[in-house]
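**Q** Structure provided below as structure tokens; questions to follow.
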Amino acid sequence: MRFNDERGFNDEQRADDRRGPHRREHELLLEAAMAGDVAVDDPRLVARLMQCAECRELHEALLDTRELVEAAVRDERDVLANLDRARPAPGSERVAPVLRALAKQRRELQLVGAGARDGETPAASGGWSTRRIAGAVGIAASLVAAASIAQWLARSDDPTRDDEVLLGANTKSKLSPAGPVKDYSPLQWELDLPPGGRFEITVWSNVPGEVGALVDKIEACYDRKVTLEPSRTRDWPDRIRWRVRVFDASDTEVDAKEEEAERER
Amino acid sequence: MNTNEPTRNDQHRGDLELVQEVLRDSAGALERLIERLDCVPLILRERNVRSGSPLNDDELTDLTQETLTTVWSKLASFEGRASLETWVYSFCMHQMMNALRSKKRRPQQAGDEALDIPDPSARPAHASTFQFEHLHATLAQLSDLQQAVIRLRHFAERSFEEIAVELGLSESGAKTTYYRGMVRLRGLLAPHAREEFA
């Protein structure tokens, strides 16, 4: 199949053309108007907008959208220009510890990777944080996700599975662990996953004096259960708050549930 | 004009170098990044205030941590086309939108009127700040190229000629990508495409 025909049109433009010989020409004029190549009072544009209701509607909608984008730009510049750096905001005290822990995690994971490549066992390090943050590119998270993907694919092939997802209407979302428990792992929940979506797990400390401190995070998993190695949860605090978020294929959050748990020693 | 002042591109190049140094684990780079990303809680606080303060301090703290981990995970994708603060701002807006949606799903308490999100299709003269959060979240749904062109055109105020050079397009290709991106953006912003405000 040719990409560009003798007019230089690609498949999409040919589809436009099939809707009517003047359709593509109208789009080109609107495109030129949006690019500023045709003035708003250009007689060709004025005449087209008077004659074609579809063009008029689309042109107005695009001008509205552009105006919204411009307003957002002005708003952003105003916010950034007026940040009050002299007055700490909620969470300001978390910036340094979170980023240092993420950087440390990244170095540790790179060390593990290098050790595996060289066939050596990474030296046990007293530097392993007692408050690990799984972070964004955690190899552990990738491994958990990879194992879960296979299970998710198997489930998605099941013809008896009901794929209908009631967004934000998960009434059966029982989370475990909840309340007093002997072990935090496995983490389980009964939320539905939209096609192409992901679960995200976040764990915070719930110990007085450090409530809200980020403990661990799994960026993406695809099953309703995550089993973590004892070495990972061993250093978690004795009281945690944890959350499951559900994201759809466009990475929009569609649901979230939280629970608190205490580990009995 | 003071020729000793750094140009816009120089400032952005400096930001790109900083990020690359952080990713290389260069000495001192992380602490400089921490200073810069101190803007995250400040941006979120300011956005919260402009939106009628729907989130409390604990929620803002959680949101700060969420946003930082997301920014960190995407650090390698920073290309220096905008300042670090502008780049981070879009993440703050996206995470704020998710937090607002999440809170709206929970049973509303008295005083949660700030969560009553107005008609998202309202003309810009009546645009609320929630529309800005939604706009940023919706921009992220465009193709990478369409996003880049729109951001360079509006947020970085580049000409189509400059955009074409920066992205390796022809000038006409940049204009077409811009047009198609704006058409798609409008479609995604339309009320029927957004179930959560039904």
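**Q** How many residues are within 14 Å of chain B (Cβ to nearest Cβ) and either over 23 Å from B:Thr67 (Cβ atoms) or touching a His at 6+ places or on another chain (Cβ under 9 Å) (or both) if we restrict to segment A:209-251?
**A** Number of matching residues: 1.
**Q** Are any of the residues in segment B:124-132 within 10 Å of chain A (Cβ to nearest Cβ) and either in contact with a His (Cβ under 8 Å, 6 or more places away or on another chain) or at pLDDT 95 or above (or both)?
**A** Scanning segment B:124-132, I find no residue that is within 10 Å of chain A (Cβ to nearest Cβ) and either in contact with a His (Cβ under 8 Å, 6 or more places away or on another chain) or at pLDDT 95 or above (or both), so the answer is no.
**Q** Let me ask something additional. Which one of these is assigned to a loop (DSSP other than H, G, I, E, B) and open to solvent by less than 30 Å² (accessible area, probe 1.4 Å): A:Ala89, A:Ala101?
**A** A:Ala89
**Q** Can you name the number of the only condition in (1) under 14 Å from B:Arg47 (Cβ atoms); (2) at pLDDT 85 or above that B:Thr138 fails?
**A** Tallying (1) under 14 Å from B:Arg47 (Cβ atoms); (2) at pLDDT 85 or above, B:Thr138 fails exactly one: (1).
**Q** With the structure loaded, tell me whether A:Lys257 is open to solvent by 30 Å² or more (accessible area, probe 1.4 Å), within 14 Å of A:Lys174 (Cα to Cα) and without any contact (Cβ under 8 Å) to a residue 60 or more places away in the chain or whether it fails that test.
**A** Considered against the rule, which asks whether it is open to solvent by 30 Å² or more (accessible area, probe 1.4 Å), within 14 Å of A:Lys174 (Cα to Cα) and without any contact (Cβ under 8 Å) to a residue 60 or more places away in the chain, A:Lys257 comes out as no.
**Q** Go through segment A:216-236 residue by residue and tally those that are within 26 Å of B:Gln95 (Cα to Cα) and in contact with a Ser or Thr (Cβ under 6 Å, 6 or more places away or on another chain).
**A** Within segment A:216-236, residues that are within 26 Å of B:Gln95 (Cα to Cα) and in contact with a Ser or Thr (Cβ under 6 Å, 6 or more places away or on another chain) number 4.
**Q** Hey, does segment A:172-188 have a residue that's within 12 Å of chain B (Cβ to nearest Cβ) and not β-branched (Val, Ile, Thr)?
**A** Checked against the condition, which is being within 12 Å of chain B (Cβ to nearest Cβ) and not β-branched (Val, Ile, Thr), segment A:172-188 yields at least one hit.
**Q** Looking at B:Thr64 and the list (1) of a type outside the set (D, E, K, R); (2) surrounded by 19 or more Cβ atoms within 10 Å (Cβ to Cβ); (3) within 8 Å of chain A (Cβ to nearest Cβ); (4) over 17 Å from A:Val95 (Cβ atoms), which single condition is not satisfied?
**A** (4) is the only condition that B:Thr64 fails.
The values are calculated or read from the model by the stated rules, or taken from the named source; none is laboratory data. Computed from a predicted model, the values in this text were never measured in an experiment. For neighbour counting, all protein chains shown are included, and Cβ atoms are generated from backbone atoms with ideal geometry for every residue, glycine included. Accessible surface areas use protein heavy atoms only, side chains included; no ligands, DNA or RNA. Shrake-Rupley method; radii C 1.70, N 1.55, O 1.52, S 1.80 Å.
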